[in-house]
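Chemist: I'd like to ask you about the structure that follows.
The values are calculated or read from the model by the stated rules, or taken from the named source; none is laboratory data. Note that this is a predicted model, so its numbers are computed, not measured. Cβ placement follows ideal geometry from the backbone for every residue including glycine, while neighbour counts extend to all protein chains displayed.
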Amino acid sequence: MPNSDQLKARLIEMEVLVERQREALNALEIERDHFKGAFEEADAERQRLELVVRQLVRAQFGRKSERLDPDQFQLTLENVEQEIAATKATRQDAGDSDASRRSRRTPARRNLGHLPAHLERYEVVIEPESRSCPCCGGAMHQIDVEETERLDAVPLRLRVRVIRRPIYGYRSCSEVV
């Protein structure tokens, strides 16, 4: 049986490993965001170029009344080039600000109380350690209940675990526990 020093050393090793994995994950997320931005930029440029090709084909093979004047078409190409340059500048500015900002974790996807009513429910009530007011020692009264529901899977059976946390307050002072 391992002693406590060995267990502590193993725990520290595990914490270091978890931290390394977390750093690697952050690096991969940054790289993914970079490639996503590059893909969106390339896709926008592809769409613009397809528009230019359609206009060229129309100018070359369309009916005479629909043909574009070559000078007019040159203006269209210049406009497209200006739009590409503006998009690249905007992307670069956004990329600089994203790099300076810390990456934020996406919020957890939670089911906030919308579990089916037909599932079995059982309640767990979590009471505070003491029902006396910490500042004056008077008896506290329940003023509210915080309730969360979480799907609890038991093999071959689903049920809903309802957790209640009564909130107590003392009528003579503003203390809430």
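Chemist: Report, ordered by the first and then the second residue, all pairs with beta carbons closer than 8 Å, sequence separation of six or more or different chains, a first member in the range 127-145 that is of a type in the set (S, T, N, Q), and a second member that is assigned to a strand (DSSP E or B).
Modeler: Listed pairs, sorted by first residue: 132/139; 142/166; 142/167; 142/168.
Chemist: Would you confirm whether or not the range 3-20 contains a residue that is at negative phi and not in a helix (DSSP H, G or I)? Quick ask: steps written out before the conclusion?
Modeler: Start the filter on the range 3-20 by keeping residues that are at negative phi, which leaves 3-20.
Now narrow it down to the ones that are not in a helix (DSSP H, G or I): 3.
Checked the range 3-20: at least one residue is at negative phi and not in a helix (DSSP H, G or I).
Chemist: On the basis of being out of contact with any Leu (no Cβ under 9 Å at 6 or more places or on another chain), at pLDDT 90 or above and at negative phi, does residue 49 make the cut? Step through it out loud before you land on a result.
Modeler: Details: out of contact with any Leu (no Cβ under 9 Å at 6 or more places or on another chain): yes; at pLDDT 90 or above: no; at negative phi: yes.
Here the answer is no, as residue 49 does not meet what is asked.
Chemist: State the number of residues belonging to the range 120-156 that are surrounded by fewer than 14 Cβ atoms within 10 Å (Cβ to Cβ) and of a type in the set (Lys, Arg).
Modeler: Number of matching residues: 2.
Chemist: Also, I was wondering about something else. Just for the range 162-175: of the residues that are in contact with a Lys or Arg (Cβ under 8 Å, 6 or more places away or on another chain) and among the aliphatic types (A, V, I, L, M), which one is surrounded by the fewest Cβ atoms within 10 Å (Cβ to Cβ)?
Modeler: Step one: list which residues in the range 162-175 are in contact with a Lys or Arg (Cβ under 8 Å, 6 or more places away or on another chain), which gives 162-163, 168.
Imposing the further condition that a residue be among the aliphatic types (A, V, I, L, M) reduces the set to 162-163.
Values: 162: 17, 163: 13.
Looking at the filtered set, the residue picked out is 163.
Chemist: Let me ask another. Say whether the condition of being under 15 Å from residue 121 (Cα atoms) and touching a strand residue (DSSP E or B) at 6+ places or on another chain (Cβ under 8 Å) is met by at least one residue in the range 163-175.
Modeler: Scanning the range 163-175 turns up at least one residue that is under 15 Å from residue 121 (Cα atoms) and touching a strand residue (DSSP E or B) at 6+ places or on another chain (Cβ under 8 Å).
Chemist: Quick one: is residue 10 without any contact (Cβ under 8 Å) to a residue 40 or more places away in the chain and either outside the structural domain of residue 83 (by TED's automatic domain parsing) or touching a Pro at 6+ places or on another chain (Cβ under 8 Å) (or both)?
Modeler: Working: without any contact (Cβ under 8 Å) to a residue 40 or more places away in the chain: yes; either outside the structural domain of residue 83 (by TED's automatic domain parsing) or touching a Pro at 6+ places or on another chain (Cβ under 8 Å) (or both): yes.
In short, yes.
Chemist: Going through 159, 91 one at a time, which residue ends up being at pLDDT below 85, out of contact with any helix residue (DSSP H, G or I) (no Cβ under 9 Å at 6 or more places or on another chain) and either under 30 Å from residue 30 (Cβ atoms) or surrounded by 10 or more Cβ atoms within 10 Å (Cβ to Cβ) (or both)? Reasoning before the result, please.
Modeler: Numbers: 91 fails: out of contact with any helix residue (DSSP H, G or I) (no Cβ under 9 Å at 6 or more places or on another chain).
Answer to the selection: 159.
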